[in-house]
Amino acid sequence: MIKNYLKIALRNLAKNRISSMINISGLAIGLACVLLIGMYVRDEFSYDSFFKDANRIYRVNLDTKMGINEGVTGHTPPPAGAALKANFPQIESYTRILLPGDEVVHYESKGQKSSLTEKNIMVVDSNFLTFFNYPLLEGDPSTCLNGINSVVITQKAAKKYFGNESAIGKNLVLDEYATPFVVRAVLKDIPKQSSLQFDILQPSASMPPVRHFGWSWVWLQMGTYVKLSNNVATDPASIAKLESKFPAMVATQAAGAFKRVGQPWDEFKRKGGRWDLKLQPLADLHLYSANIGTRFFQQGDIKYVYIFSAIGLFIILLACVNFMNLSTAQSVKRAKEIGIRKVLGSERKQLIWQFMAEAMVYTLLAMLIAIILVVLALPAFNQLADRELTLNVFLDIKTWAGIVLLVLFTGILAGSYPAFLLTSFKPVSVLKGSGLFKGTTGGFFTRNALVVFQFTVSTVLIICTIVVYKQLMYGQTKDLGFAKENVVVISNTRRLGTSEETLRQNLLRLPQVANASISSGMPAANSFGDSYTPETNVENKTGAESNIDLSSFMVDEAFIPTLKFKLLAGRAFGKDFADSASVILNETAVKQIGWKDPIGKMLYYPGNNQRFKVIGVIGDFNTESLHSGISPYALFYTASKTYNIRSSYIAVRIKPGNYDKAINNITHEWKAIAPNLPIEYTFMDAAFDRLYHADQTIGKVFTVFTCLSLTVACLGLLGLAMFTAERRTKEIGIRKVLGASVNSVVSMLSKDFIKLVLLSSLIAFPIAWYAMNKWLQDFAFPTAISWWVFVLAGGSTLAIALLTVSFQSLKAALTNPVKCLRSE
């Protein structure tokens with residue numbers, strides 16, 4: 001029986017080549033989309049799963065509230081790990097990490113001395129490799145990080161620095177340290193699915209700030225990971241119970257540190273302060289950290305996994321609907337076959353199985369084509385979605401099990417409606433020719449509903465795509481509070497030491513340079529932060545209000561004019577003033593403090609018992625993407641040397657014109673001062689564009705899948721147009737004999753479809769508005785969802801649908817009326 005079903009299915013496929021080709025194409029596109037999105041989702045969920053004890057490893061987060069600032073961060077105090085292990089037997093071990101920033105690495109290979117800027121250094125505790133069990137090619141993971149001047153490098157870094165030579169025992173000299181570091185081990189290259197990415201591991205014992213701030217419960221620069229015992233790790237109730245004991249421990253441990261920086265613990269808690277440790281599973285780090293501040297790891301977002309999964313589901317549904325409509329369009333041709341088979345004794349369930357078998361054959365063929373499409377499209381998809389997916393996924397038995405389930409799901413879904421509809425008619429009516437579709441209002445309604453569903457989905461995707469790009473354009477054109485165009489930012493200029501100012505002066509003499517400034521941080525690059533106490537009384541620092549956390553830059557007198565910040569009150573820094581104890585605030589900082597007239601007011605920094613006088617107020621400015629709101633900022637004068645900041649930048653505003661010549665001259669001036677140090681620079685507007693990389697990826701993916709959904713939807717509409725034209729063949733012939741024009745026939749056949757598309761737009765508009773309104777809530781500065789977005793999306797859908805229907809309608813209208821009348 002099965003052999004007979006397959007034979008009939010293949011005969012019908014060969015007999016109706018055009019409709020079969022359209023059927024298979026639609027299904028193949030849908031299945032290929034599902035396979036690609038499935039590979040993407042699988043990749044996202046595979047992060048950090050390769051670790052031996054992945055289910056027992058948790059990151060320690062800090063839930064803080066200090067003054068008016070609060071949030072959750074993945075940065076923890078240096079003593080947190082040791083305190084947790086010492087006080088709670090459920091915690092077996094801990095390890096810590098820190099990102100020191102870019103370093104210039106000097107090395108010797110084949111007798112040649114060279115220098116490179118290394119961006120992927122991570123400072124770690126000596127047990128890091130045994131804690132996470134990253135695989136080593138050479139060296140002992142338990143001892144390779146014990147020495148204060150030991151380093152571990154990856155296979156990629158070993159090849160970069162030493163070529164084909166063995167790296168073990170070789171020296172790497174970091175600019176910050178006088179003593180060379182010796183390579184003690186070589187790691188296998190870090191998997192892409194590791195949240196932590198690095199090329200060089202430096203022991204924390206060698207890092208002066210780690211040693212200096214080992215006592216501090218308020219220095220938040222390190223990340224802490226703990227490994228829980230087996231009986232606790234997988235039990236949410238046990239973990240919650242463990243977390244409930246942390247506050248008492250923190251109160252005991254942190255009190256001394258808070259008092260040391262002028263913030264007594266009891267007073268901090270009385271003012272509503274919060275300093276709570278929380279545990280987050282390693283498996284959740286990649287996808288569930290969107291609202292957790294950290295810069296330690298590769299971050300994804302579960303929201304986009306849901307979005308892509310929904311797109312994949314809708315596209316396969318569109319493909320199934322397309323199959324249903326095209327199968328229904330062929331129903332008139334198969335009416336007598338069904339009638340004769342019923343008269344000869346075929347039961348309805350046998351006919352249903354026949355149609356289901358045909359759907360399954362179409363789906364199998366479509367899946368074979370889909371796999372070929374995936375193989376061909378994977379490089380382009382990787383570039384589109386910023387992935388490194390490989391075809392190795394097809395070597396996994398789970399993948400093939402998923403493919404089999406997908407084929408069964410698609411075949412059953414696509415074939416069920418045609419199977420039950422086409423086997424429901426009475427054979428007598430069919431053989432008498434009294435009309436196969438008389439009285440089938442329900443079937444007609446269902447087909448129309450399916451078309452409405454298809455174009456509703458397509459219209460929603462078009463609106464979403466337009467809004468995503470509108471938000472991206474808004475991010476590029478919004479006034480950020482300073483001028484980011486034509487600014488070249490040279491990184492890590494602290495390497496120049498006392499020659500840093502010399503370089504700035506030399507750059508100012510270049511004809512292409514309008515201005516230049518030295519600062520510890522830059523918008524879209526780096527800043528430092530601390531807690532300050534605004535003083536209500538200039539003469540008496542004891543009349544303190546709530547503390548305020550301020551992000552800060554240390555800047556020179558050229559910073560404000562170089563980046564063209566808006567000075568709203570007071571003055572900027574100047575060499576003619578004694579500004580070592582001065583500060584400039586932005587509007588948000590002033591508002592959060594509550595000062596109406598901030599000029600002359602004082603900020604007290606308990607860290608080193610300093611007071612700063614407010615001399616100016618600048619307009620608010622964005623230092624991050626529009627996902628983030630405006631932070632309270634303070635600018636301190638570089639001459640004050642209040643902090644020992646490891647980062648330093650020179651911002652160079654160049655005149656519009658010959659940018660290549662300007663860059664060449666800047667590079668030449670750098671080389672004249674530091675011939676052995678590589679220069680690192682970027683354009684500030686390019687740095688801001690990189691902040692929107694994830695959103696740009698979403699926009700590209702939306703665009704591609706929107707086009708594919710429209711393609712599949714149009715195939716479905718074409719199927720319904722074919723069905724309608726076939727059902728009304730005799731009517732078309734009579735109308736033409738009676739003098740109807742081609743235009744009137746086309747209009748008659750098209751108007752019902754236009755109504756369906758307009759209805760789909762009306763349904764799509766509120767759905768798309770709700771979805772995009774939710775998405776835009778992630779932006780502190782969202783664009784408006786303008787009315788023209790809906791008009792453009794609806795108009796585009798209508799135009800595409802009209803073009804599709806008109807093609808089939810015109811074909812029917814141009815058919816010889818004699819042939820139309822003779823067809824029945």
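The values are calculated or read from the model by the stated rules, or taken from the named source; none is laboratory data. Owing to the predicted nature of the structure, the values given are computational and were not obtained by experimental measurement. Note that we place each Cβ from the backbone using ideal geometry, even for glycine, and neighbour counts take in every protein chain shown. To get the accessible areas, we keep the full protein, side chains included, count just its heavy atoms, and leave off ligands, DNA and RNA. Shrake-Rupley method; radii C 1.70, N 1.55, O 1.52, S 1.80 Å.
Quick notes on this one:
- Efficiency of FRET from Cβ geometry, Asn146 and Lys591, R₀ 41 Å, rounded to 0.05: 0.20
- With the Kirkwood sum run over all distinct C-alpha pairs, region 146-271 has a hydrodynamic radius of 18.5 Å.
- Ligands, DNA and RNA left out, the accessible area of region 217-312 computed with a 1.4 Å probe is 52% carbon and sulfur.
- Our coupling estimate for region 497-503, obtained by passing each phi through the Karplus curve with A = 6.51, B = -1.76, C = 1.60 and θ = phi - 60°, is x, 5, 7, 4, 5, 4, 4 Hz, Gly and Pro reported as x.
- In the context of the full set of protein chains, region 54-209 has a per residue accessible area of 38 Å² (1.4 Å probe).
- Normalised per residue, the volume of the convex hull around the Cα set of region 479-525 (Å³): 81 Å³
- Across the options Ser109, Leu27, Thr95, the greatest Cα extent toward the positive end of the charge dipole of region 11-146 (unit charges at beta carbon of Lys, Arg, Asp, Glu) belongs to Leu27.
- When you filter the trypsin sites (Lys or Arg not before Pro) in region 95-152 for DSSP loop state and at most 10 other Cβ atoms inside 10 Å of their Cβ, you are left with Lys110.
- Full extension of the chain segment joining Lys52 with Arg509 gains 158.7 nm, where the gain is 0.36 nm per residue of separation less the Cα-Cα distance.
- Three principal axis extents of region 554-600 based on alpha-carbon atoms, in descending order, are 30, 23, 17 Å.
- log10 of Debye I(q)/I(0), alpha-carbon scatterers only, for region 345-406 at 0.15, 0.29 Å⁻¹: -0.63, -1.17
- Distance between region 69-138 and region 554-586 - C-alpha centres, whole angstrom: 37 Å
- If R0 is taken as 25 Å, the Cβ-Cβ distance between Leu567 and Thr502 corresponds to a FRET efficiency of 0.35.
- Relative packing of peptides 141-150, 577-586, 463-472 - highest average C-beta neighbours within 10 Å first: 463-472, 577-586, 141-150
- Its residue count N fixes a reference of 2.2 N^0.38 Å for region 667-707, and the Cα radius of gyration divided by that reference is 2.01.
- Cα pair distances in region 37-108, grouped into 10 Å bins until the bin that holds the longest one, percent each: 13, 28, 31, 23, 5, 0
- When you filter the chymotrypsin sites (Phe, Trp or Tyr not before Pro) in region 101-188 for DSSP loop state and at most 16 other Cβ atoms inside 10 Å of their Cβ, you are left with Tyr177.
- Mean Cβ neighbour count within 10 Å, used as a protection proxy, ranking 770-783, 77-90 highest first: 77-90, 770-783
- Each label point was placed 7 Å from the Cα along the Cα-to-Cβ direction; for Lys192 and Leu803 their separation is 3.4 nm.
- Applying Stokes-Einstein at 37 °C and 0.692 mPa s to the Kirkwood radius of region 221-308, computed over alpha-carbon pairs, gives a translational diffusion coefficient of 208 µm² s⁻¹.
- Applying 1/(1 + (r/R0)^6) with r as the Cβ-Cβ distance of Ala784 and Ser744 and R0 = 30 angstrom yields a FRET efficiency of 0.10.
- Solvent-accessible area, 1.4 Å probe, carbon plus sulfur percent, for region 32-96: 52 percent
- With each label modelled as a point 7 angstrom along the Cα→C-beta vector, the Arg274-Glu176 pair spans 3.2 nm.
- Straightening the chain between Phe409 and Asn664 buys 85.8 nm, computed as 0.36 nm per residue apart minus the Cα-Cα spacing.
- Peptides 241-254, 620-633, ordered by how many other C-beta atoms sit within 10 Å of their residues on average, highest first, read 620-633, 241-254.
- Accessible surface calculations at 1.4 Å, restricted to protein heavy atoms, place region 249-289 at 47 Å² per residue.
- The label-point distance for Thr399 and Leu313, in a model that sets each label 7 Å from Cα toward Cβ, rounds to 2.4 nm.
- Percent accessible area from carbon and sulfur atoms, region 100-195, protein chains only, probe 1.4 Å: 48 percent
- Legend: P(r) of region 565-629 from all alpha carbon pair distances, 5 Å bins from 0, whole percents, reading 4, 16, 24, 23, 18, 11, 4, 1.
- Estimated at 0.36 nm per residue, the fully extended path between Asn392 and Leu364 surpasses their Cα-Cα distance by 7.9 nm.
- Paramagnetic label zone (point 7 Å from Cα along Cα-to-C-beta, Ala380; backbone N under 20 Å) in region 448-463: 462
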